[in-house]
Amino acid sequence: MRVRTQGGRRTTWAALLACLTLLLALAPSARAQDTSLEEFPEVDPYTKGDPAALERLGIVRTGSMPWTETHTSDGVRETLGGVPVIFLETAHFRIASTLETYKPKGDAIEKELLEAELAAFKKRCRGFKAPSKLDPWLRAHLYAQRCEKLYADFTRAFGLKEEDFLSLEAKAKEGRPMGQGPYLGQKNKYTVLVTESTSAMARYLKARFQVELEYSYRAKWPDGYFLGINFEAFEQNGRDLDVCLHTALVGALAQNLLDGYRDSNQAPPNWLRYGLAHWFARKIDTRWNQWNGGGTGDLEADKLHIWEPRVYGLVKNEACTSWTEMMGWQGYEDIQPREHMVAWAAVDWLLTARAETARALLYELAEPVNDYGPERPAKLLAQQGRAFQKVWNQSPAELDKAFGAWVLKSYRK
C-alpha cells in the first residue's frame, strides 16, 4: 500500500490498520456487476433537511458539497458510476456512504455497542425509535457520529484544542508551525468514503489515485487526507458484522489524524502510527485484530486477542522489542506480528502513565520533515531521539526500563 504525498511522490506506508492487511490476500470480487443499488430517500428521513434537526445531530449539511481540491461530491458520485450515495458533512469530516441496510446478527458485543450508539442518537434526534435494521441513512449517521467521536478522543488524548490551529502564519513566524489549516493542520476536512462493495471502491481508487485495489486505502490530498473502506471485503473474509468495519475504520482513521497533525509529511514514527491505530480500534472491539499470533480461529477459545498478558510475557521473558528497534521501523514490512502488540502497549503507556506529556511529545515527533531522499530515515530517527530527551530526558535504554516496569505492574493480571 502507498500513501500519496503532497509533492506527487509516493512513500511506502501500510495504508490500512494492521487488522485489515489480511484483505490483501483476497481474490478479486466475485461480483460481476455492482449490486449496491438499494434505493433510499433523497432527503434524510431523520432530519427531513430541517437545519435545527441537522444541527442537533452535528451535521453541517447533506447532499452536494465540496470534497477536495480536484473534485466535489458530484465528482465522487460520477466516479462511483451511478451507485446511490449519501453525503454528510460534520465539523471535521466529509463522509460519503453507499452502505446498504444492515440487520444485526445477534453478536452480543456488537449489540451492546449499537444500543449505546442508538441511545446517543435518540437524545439528539426527536421522535427517533431504534429500529431492528439499520437503513442506509441511519448507517451514514452512525459513521458520521463515529468519526466525530474519534476526532474528539484523539484531540483529548493529546490535549489538542481548536485554537491550536488558528493564526497559523503567526505561529510559523514564531518557529511553531502547526500546519496549513484548522483541521489538525489541514486545510480541508478529512474525507471518508465508505462503500458497500469492492467494485465501487475499486473504481474510485483507480480513477482518483491510479491504484488497482478493491479493499481500502489511505491517501493524502493536496489539502487534506482521504480514507476509503468497504464492507464487502470484510464479508468475503467472514467478518460480516458492522462492528468489524467500525473497528477497522477507527484504527485507519486514527492514522490519518496523526499524519495530518501539523501537516508533518508523515513524520511521526511507525511505532506511534500503528500503536495508536490499535489503541483506538481496540477500544471498540479487541476481537477483530489480525495480530493474534495464530490460533484455531475460535475467538472464544483462543483469547489471543487479549494482548495484556502476552505483552507481559514478552517483557517478563526479556523478549520484548526494544525502543531502539521500534524507533528504526521504516515501514510496515519491518514490523513483525507480535511487535504490533508492543507498539500498542507503548502507546497505552504514553497515553496513560505519561498522559501529561503526550501533547509535548507528539509536537516534537511531528516536526515536519520535507526531505524524501535517502537521508529521511536518519532524520526521522534523530528526531525521535531529540524528542525523548527534550520531553522525557531519557535515552532509549532508559525507556526500555521504564516501559518494562510499567508493563509488569499494569498487565500482570
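Taking 0.36 nm per residue of separation and subtracting the Cα-Cα distance, full extension of the segment from Ala378 to Ser395 would add 4.4 nm. Report note on the peptides 372-378, 218-224, 42-48: ranked by the mean count of other C-beta atoms within 10 Å, highest first, their order is 218-224, 42-48, 372-378. Based on the reciprocal of the average 1/r between different C-alpha atoms, the Kirkwood radius for the stretch 1-264 equals 19.0 Å. Could you tell me the distance between the Cα centroids of the stretch 35-90 and the stretch 194-211, to the nearest Å? Using only Cα atoms, the two centres lie 18 Å from each other.
Computed extension gain for Asn317 through Glu163, at 0.36 nm per residue and net of the alpha carbon distance, reaches 50.9 nm.
For the chain, what are the DSSP H helices with axial Cα length of 15 Å or more and mean Kyte-Doolittle hydropathy of at least -1.0? Helices passing the filter in the chain: 108-124, 136-157, 198-209, 242-260, 270-284, 337-352, 376-387, 396-410.
Residues of the stretch 117-150 with an amide N closer than 12 Å to a point placed 7 Å from the Cα of Phe40 along the Cα-to-Cβ direction: 134-144. Packing, taken as the mean count of other beta carbons within 10 Å per residue, orders the peptides 280-287, 99-106 from highest to lowest as 280-287, 99-106. Only aspartates and glutamates eight or more places from Lys105 in sequence, or on another chain, were considered; those with a Cα closer than 14 Å are Glu115, Glu235, Asp240, Asp242. Where a Cα-Cα gap under 30 Å defines reach, which lysines qualify for Lys379, not counting those fewer than 8 residues away within the same chain? Straight-distance partners of Lys379: Lys161, Lys171, Lys173, Lys187, Lys189, Lys220, Lys390, Lys401. Roughly speaking, what is the centre-to-centre gap between the stretch 145-160 and the stretch 338-392 when only Cα atoms are used, to the nearest Å? Using only Cα atoms to place each centre, the spacing works out to 19 Å.
Specify whether the C-alpha gyration tensor of the stretch 180-332 places it in the rounded, prolate or oblate class, a ≥ b ≥ c being the square roots of the eigenvalues: rounded for a/c under 1.5, otherwise prolate if a/b is larger than b/c and oblate if not. Oblate. Taking a ≥ b ≥ c as the square roots of the eigenvalues of the Cα gyration tensor of the stretch 267-413, is the shape rounded (a/c under 1.5), prolate (a/b larger than b/c) or oblate? Taking the square roots of the gyration eigenvalues as a ≥ b ≥ c, the stretch 267-413 is prolate. Taking the number of Cβ atoms within 10 Å of each Cβ as an exposure proxy, the fewest-first ranking of His141, His246, His71 is His71, His246, His141. Quick one: Debye curve from the C-alpha atoms of the stretch 236-285, no solvent, what's log10 I(q)/I(0) at q = 0.23, 0.27 Å⁻¹? Results for the stretch 236-285 at q = 0.23, 0.27 Å⁻¹ read -0.79, -0.94. Every helix of 4 or more DSSP H residues in the chain counts as -39500 (n - 2.57), and over all residues that averages to -13000 deg cm²/dmol at 222 nm. Given a Förster radius of 30 Å and the C-beta distance between Glu235 and Thr70 as r, what FRET efficiency does 1/(1 + (r/R0)^6) yield to the nearest 0.05? Efficiency at R0 = 30 Å is approximately 0.45. Label-to-label distance, Ala91 versus Ala170, with points set 7 angstrom from Cα along the beta-carbon direction: 2.2 nm.
Laboratory data are not the source of any read-out in this text; all were calculated from the coordinates shown. Please read these numbers as outputs of a predicted model, since none were measured by experiment. Cβ sites come from the backbone with ideal geometry, for glycine too, and all protein chains shown count toward neighbours.
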